[in-house]
Amino acid sequence: MARWIYVIGGLLVTVAFSVFLFYSVRAFNLTPDRPSASYKAPDYRFVLVTEEVDNDYWRLVEKGARAAAEKHHVSLQYTGPKQANLDEHMKMIEMAAASKVDGIIAQGLNQEVSPTIINRVLEKGIPFLTIDTDAPESKRVAYVGTDNYYAGFLAGQALLKDTEGEVKVGIITGRFDSANQKLRVEGFKDAIKGSDRVNVVAIAESQITRIQAAEKTYEMIKDYPDVNAFYGTSALDAIGIVQVLESIGMTDRVYVIGFDVLPETLQLLKEGKLEATVEQKPYEMGYDAVELMIQVLEGDKVSTYHHTMTDVMRQKDLTQTETMTPGGMKQQ
Ligand code: BGC
């Protein structure tokens, strides 16, 4: 009997001690410091610095970049000036570098300034990819985006093909000092060079805003009343051009070719107020740039040029637009 009392007593003491231990551990949080099962720190931190943070075109680039970042467990910061501003853009790149991120993706916006800033980032050991606008004079690891000279050349060829007789072209370009805008103008001029019926009569800057694109179009029509074609080289330019032509009842008499396939651009094409637009792939640019940066960080050898698709879109190509999302991405 006495033996049973000892056995039961021993058991009770063991159970009591285990309960005590369990609650003590919980109360004092004595478990080893382990993150909860649902949290896993991101593998990398990237920053995407854009020309203008709320620009519809850049929001498409962001969308693509975020999709790739989510897929690969990367933390992505999307940033850029409220309104296009070269100094601010460069400062934001330097700030990203100072915060020691794993990779920076940004435009090589300016041929003079960008190479210095990009090379400084690289000296800190942070890989840099150019997106949308290249800076070939810098040591950037690679470029993801449109071949901008070729895209401009396509625009010139399209205008030649779509028009007859004497054509006087007004060009509205995003910014005179942006490398991609310069190349789009250069490519266009080279394409029409051989023709003696098509000439550029004026060129003005929109600061990549639709309001200034409209203002400059209006001034150009006043200064050159015989202008009968417009070429807009950044995403919102053609939208601003058409706005003016509509307000003065000139859409039927003037040929307009623009850039990009934002929802509004597609609508203008559909309504026949815009003759053609050069399509770019902003979503893919963002997506591919994030994937490429991961490959760079993992030591893969990558090629320097990753040109995304570009082509001319006219109204007759719109049959499938219902199945397309802005930025030209086909829906799954
Ligand atoms: C260009 C971008 C630019 C944007 C402005 C696009 O066509 O590729 O570089 O920032 O237009 O709206």
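The values are calculated or read from the model by the stated rules, or taken from the named source; none is laboratory data. Please read all numbers here as calculations on a predicted model, not as lab measurements. No Cβ is skipped: glycine too gets one built from the backbone with ideal geometry, and neighbour counts run over all protein chains shown. Accessible surface areas use protein heavy atoms only, side chains included; no ligands, DNA or RNA. Shrake-Rupley method; radii C 1.70, N 1.55, O 1.52, S 1.80 Å.
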**Study point:** Cα-projected label distance for Ala41 with Lys100, points at 7 Å along beta-carbon direction, nm
**Key:** 1.1
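For Lys91, what is the net charge nearby, where nearby means another residue's Cβ is under 14 Å from its Cβ and Lys, Arg count +1, Asp, Glu -1?
-2
Take every Cα pair under 8 Å in the range 148-279 that's 6+ residues apart, average their separations, divide by the length, and report that relative contact order as a whole percent. Write out the running numbers ahead of the final one.
On the way: 268 pairs, mean separation 33.0, N = 132.
That works out to 25 percent.
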Exercise for review: Give a quick list of trypsin sites (Lys or Arg not before Pro) in the range 58-96 that DSSP marks as loop, anything other than H, G, I, E or B, with at most 14 other Cβ atoms within 10 Å.
Suggested key: Lys82
**Study point:** Spatially proximal lysines relative to Lys139 (Cα-Cα < 24 Å; intrachain offsets below 8 disregarded)
**Key:** Lys91, Lys100, Lys124, Lys182, Lys301
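How much of the accessible area of the range 150-304, probe 1.4 Å, is carbon plus sulfur, in whole percent?
Details: 2980 of 6290 Å².
Heavy-atom surface of the range 150-304 belonging to carbon and sulfur, 1.4 Å probe: 47 percent.
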Check your understanding: Could you give me the ³J(HN,Hα) list for the range 202-214, computed from phi with Karplus coefficients 6.51, -1.76, 1.60 and θ = phi - 60°, whole Hz, x at Gly and Pro?
Key -> 7, 9, 9, 9, 9, 6, 6, 10, 5, 5, 6, 4, 5
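Please compute the net charge surrounding Gly156, taking Lys and Arg as +1 and Asp and Glu as -1 over other residues with Cβ under 12 Å from its Cβ.
The answer is +1.
Considering only protein heavy atoms, what per residue accessible area in square angstrom results for the range 148-279 with a 1.4 angstrom probe? All intermediate terms of the calculation are to be shown ahead of the outcome.
Numbers: 5270 Å² over 132 residues.
Counting only protein heavy atoms, the per-residue value for the range 148-279 is 40 Å².
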Study note, to complete from the structure: If amide H atoms are modeled at 1.01 Å from N in the peptide plane, then the residues at a separation of 5 or more from Asp132, or on another chain, having amide H under 5 Å from its own are Val144, Gly145, Thr146
Check your understanding: Non-local amide H neighbours of Val200 (under 5 Å, H modeled in plane, Pro and chain starts lacking H): which ones?
Key -> Val169
Check your understanding: Using modelled backbone amide H atoms (1.01 Å from N, in-plane), which distant-in-sequence or interchain residues come within less than 5 Å of Val256's amide H?
Key -> Phe230, Glu275, Ala276
Exercise for review: Quote the convex hull volume per residue of the range 32-133, based on C-alpha atoms, as a whole number of Å³.
Suggested key: 112
Point to revise | Which of Thr251, Asn148, Gln212, positive extreme of dipole for the range 148-279 (C-beta unit charges) | key: Asn148
Check your understanding: For Val47, what is the net charge nearby, where nearby means another residue's Cβ is under 14 Å from its Cβ and Lys, Arg count +1, Asp, Glu -1?
Key -> +2
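Which loop GluC sites (Glu not before Pro) in the range 60-136, with loop taken from DSSP, have no more than 16 other Cβ atoms within 10 angstrom of their Cβ? Can you show the working numbers first?
On the way: sites: Glu62, Glu70, Glu88, Glu94, Glu112, Glu123; in loops: Glu112.
Loop-located and lightly packed - Glu112.
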**Study point:** Lys168 paired with Ser75, simple spin-label distance in nm, labels 7 Å along Cα-to-beta-carbon
**Key:** 5.8
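Assuming a ≥ b ≥ c are the square roots of the Cα gyration tensor eigenvalues, decide whether the range 148-279 counts as rounded (a/c under 1.5), prolate (otherwise, with a/b larger than b/c) or oblate. Each step should come with its number before you reach the end.
Working: a/c = 1.24, a/b = 1.08, b/c = 1.14.
Here the range 148-279 falls in the rounded category.
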